[in-house]
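Okay, so here's the structure we're looking at.
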Amino acid sequence: MSPRRLLLPLIALVLVLPGCLPSSSVSEPLRAVKLLLGFRPDVQFAPFYLAQEAGYFAEAGLEVTIEHSADVLVLVADGRADFGVADATDVMIARTSGIPVKYISTLYDRFPVALIGPAGTVPSDPAELAGLRIGTPGEFGSSWHALLALLEAGGLTRDDVTIRAYPQFNQVEGLLNGDVDLITGFRSNEPLRLEAQGMSVDLLTIDEVAPLPGPGLIAGDELLSSDPALATAFAAATLRAQQTIAADPQVGLDAAVAAVPAIAEDRETALAVLEATIELWGGEPGAISGFIDPAVWGPGYGALERLGFIDGSVPPGDMVLDVLALPD
Amino acid sequence: MRRLATTLLSLAAFLVAWKLLTVVTGTPDYILPAPEVVAERALRAIGSGLLWEHTAVTISEILLGLAVGATSAVAVGTALGKSVVIERVLSPYIVAAQSVPILALAPLLDIWFGGGLLARVLICALIVFFPIAIATMVGIRAADPLLREMFRSLGATPGQITARLEIPSALPVLFGGLRVGVTLAVIGAVVAEWAGASSGLGVLINIADQGLFDTPLMFVALATLAVIGIGLHGLVVSIERRVVATS
């Protein structure tokens with residue numbers, strides 16, 4: 001039999017066979033997606049763990065792999081990861097530096113960083129920060145942006161306070177040691193850790209003083225132009241998980257424990273951290289929408305421009321793409 | 001002259017290979033900047049004073065860490081080389097200190113010593129200590145036993161034997177340890193800055209990477225560290241040539 005005579009029945013078989021098979025075996029395969037997180041595995045990432053375990057990602061046609069890196073923005077921009085979680089303020093700086101990445105959906109409705117100190121010692125007016133010793137991870141990230149924005153709101157500069165860097169994020173130990181008067185930290189994390197060590201604390205938050213947009217989902221320009229529906233599907237599945245957890249934090253804790261068993265070592269604190277994190281997302285399930293709020297982005301952009309982090313060459317509209325608002 | 005020409009040729013080849021890599025792969029500057037982009041960024045960092053501000057801090061940490069680490073390492077290495085009992089007692093602790101990753105230990109030292117220059121010098125000294133101490137110990141033991149016997153027969157005290165025989169004969173090995181030590185001192189300073197510092201090249205790397213998303217500036221800081229390492233290594237080699245030849 002000649003090769004051509006062999007080929008025809010084979011082609012016929014390939015064309016006919018799918019129709020004979022059960023429908024599940026020919027359904028669309030899941031799209032492999034890589035998500036990069038900048039912090040260590042933690043209960044604050046419960047929405048991603050839940051979306052994986054409860055099948056929200058799979059229902060959206062996604063098979064998500066979660067990895068951790070310190071260079072989320074660069075790796076997402078370069079297409080080595082599809083999505084990431086990053087600070088909005090970092091997106092503004094990166095985008096202005098020419099890194100092709102956009103903020104696509106809000107995770108934290110409220111800016112998570114605050115100044116934290118022993119109860120009764122934290123000023124309520126940023127102008128009273130003058131002369132204090134403040135511990136922060138370093139001259140990068142949301143903590144640094146929040147600290148400078150607070151100082152600016154009080155009519156101060158970095159030279160009016162003594163700043164001590166804790167690049168290993170161990171500023172809690174510095175505060176407990178008495179090496180600093182105040183520290184920057186996540187409202188949903190450091191206060192709980194300090195209270196667990198017996199220190200009752202007060203907070204100076206930034207929301208009312210100098211609003212900045214909080215962390216959110218990011219994606220690279222290339223993915224957003226080639227497949228915006230993928231970004232919408234990913235953001236929607238994440239939002240669904242956030243809303244589910246907001247309605248029942250225990251579900252989120254269980255998912256986090258299943259993904260990161262070490263979290264079970266202290267379930268009580270982990271649940272408290274998760275509940276505080278839910279407050280930062282927006283609180284009630286109905287208030288968590290992923291919406292990118294121009295009323296916060298505008299002033300935040302202005303603050304970063306005044307502080308010299310960005311030069312205004314890239315407008316805020318070029319830094320965001322609200323994928324949840326895209327038409328179907 | 002010939003040596004300088006070889007070095008310059010090797011540097012030129014490296015720069016051409018680097019440039020070709022960026023052109024052929026089309027890698028964006030935020031992943032792998034081309035050499036001329038890094039050079040332009042270096043000029044701006046030098047012009048603004050930013051580079052020197054951070055370099056001066058790192059150099060002071062390296063030199064102080066090296067001084068503290070090398071001095072104590074030579075003293076301890078000499079004791080280890082001369083006394084088997086001291087070696088048996090101290091060796092496990094020295095090896096244990098060397099085995100614990102300095103990256104994990106550095107934040108603890110930073111907290112214990114209240115941050116600041118002292119903590120950074122200690123971290124730097126700790127990483128420098130081991131190769132120099134071991135080199136000193138090996139060198140002291142390598143002294144010719146016949147010469148040692150001759151010194152004794154001539155009535156030399158233990159101190160004189162150490163100063164006039166053992167240390168001079170240990171110098172070639174000791175300088176081997178120093179060559180390793182100076183390059184480790186550069187790493188030690190950066191690790192110390194990553195544990196807690198407000199300035200220094202390690203801090204500049206963090207700021208460029210995590211704060212400014214300025215990859216060319218990161219390369220400038222890394223190149224500066226490399227130049228410091230090469231310079232210090234060259235200095236040790238030059239001193240070694242003179243001292244060892246004299247001894």
Using the Cα centre as the reference, give the magnitude of the dipole from point charges on the C-beta atoms of segment A:172-328 (Lys, Arg: +1; Asp, Glu: -1; all else neutral), rounded to the nearest 20 debye.
140 debye
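Using a probe of 1.4 angstrom, how much of the accessible area of chain B is carbon and sulfur, in percent?
Ligands and nucleic acids excluded, carbon and sulfur reach 74 percent.
Show me the trypsin sites (Lys or Arg not before Pro) within segment B:142-205 that DSSP assigns to loop and that have at most 16 other Cβ atoms within 10 Å of their Cβ.
On the way: sites: B:148, B:152, B:164, B:179; in loops: none.
Those that pass, being in a loop and sparsely packed, number zero.
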Under a point-charge model restricted to the Cβ atoms of Lys and Arg (+1) and Asp and Glu (-1), what is the dipole moment magnitude of the protein assembly as shown relative to its Cα centre, in debye to the nearest 20?
3400 debye
Residues of segment A:75-124 losing 30 Å² or more of accessible surface, assembly versus chain alone, probe 1.4 Å, please list them.
A:78, A:93, A:99
Relative to the present Cα-Cα distance, how much length would full extension add between residue B:84 and residue B:53 at 0.36 nm per residue of separation?
6.5 nm
Project the alpha carbons of chain A onto their principal axes and report the range along each, largest first, in whole Å.
92, 47, 34
Name the residue from A:143, A:117, A:182 whose Cα lies farthest towards the positive end of the charge dipole of segment A:113-205, charges +1 on Cβ of Lys and Arg and -1 on Cβ of Asp and Glu.
A:143
Projected onto the charge dipole of segment A:153-300 (+1 at Lys/Arg Cβ, -1 at Asp/Glu Cβ, origin at the Cα centre), which of A:249, A:290, A:300 gives the Cα projection farthest towards the positive end?
A:290
Using a probe radius of 1.4 Å on protein heavy atoms only, what is the accessible area buried between chains A and B, both sides summed, to the nearest 100 Å²?
1900 Å²
Could you let me know the centre-to-centre spacing of segment A:33-86 and segment B:137-174, using Cα atoms, in angstrom?
63 Å
Where chain A is the region considered: accessible area per residue in Å², 1.4 Å probe
43 Å²
Quick check on chain A: helices-only [θ] at 222 nm, where DSSP H runs of length 4 and up contribute -39,500 (n - 2.57) each and the sum goes over total residues. Nearest 500, please.
-12500 deg cm²/dmol
Using just the helices of chain B, give the 222 nm mean residue ellipticity in deg cm²/dmol: DSSP H runs with n ≥ 4 each add -39,500 (n - 2.57), and the total is spread over all residues, rounded to 500.
-28000 deg cm²/dmol
Paramagnetic reach from residue B:150 in segment B:78-110 [backbone N under 17 Å; point 7 Å along Cα→Cβ]
none
1.4 Å probe accessible area per residue over segment B:36-246, in Å²
46 Å²
If you average the C-alpha positions of segment A:183-200 and of segment B:41-112 separately, how far apart do those two centres end up, in angstrom?
33 Å
Let me know the charge dipole size of chain A about its Cα centre in debye, to the nearest 20, where only the beta-carbon of Lys, Arg (+1) and Asp, Glu (-1) is charged.
1220 debye
Say the dipole of segment B:11-156 comes from +1 at the beta carbon of Lys and Arg and -1 at that of Asp and Glu; which of B:122, B:151, B:95 then lies farthest toward its positive end?
B:151
The protein assembly as shown: D in µm²/s via Stokes-Einstein (Kirkwood Rh, Cα pairs, 25 °C, 0.890 mPa s)?
89 µm²/s
Ignore the peptide's own chain and count Cβ atoms of other chains within 10 Å of each Cβ in B:210-217; give me the average, rounded.
6
How far apart, in nanometres, would the label points at residue A:68 and residue B:67 be if each is projected 7 angstrom from Cα along the Cα-to-Cβ direction?
4.0 nm
Taking every DSSP beta bridge with both residues inside the protein assembly as shown, roughly what % is antiparallel (nearest 5)?
55 percent
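The values are calculated or read from the model by the stated rules, or taken from the named source; none is laboratory data. This one's a predicted model, so the numbers in the text were calculated from it and none came from an experiment. In this analysis, Cβ positions are derived from the backbone assuming ideal geometry, glycine residues included, and neighbour counts consider all displayed protein chains. Please note that ligands, DNA and RNA were not included when accessible areas were found on the heavy atoms of the full protein model with its side chains. Shrake-Rupley method; radii C 1.70, N 1.55, O 1.52, S 1.80 Å.
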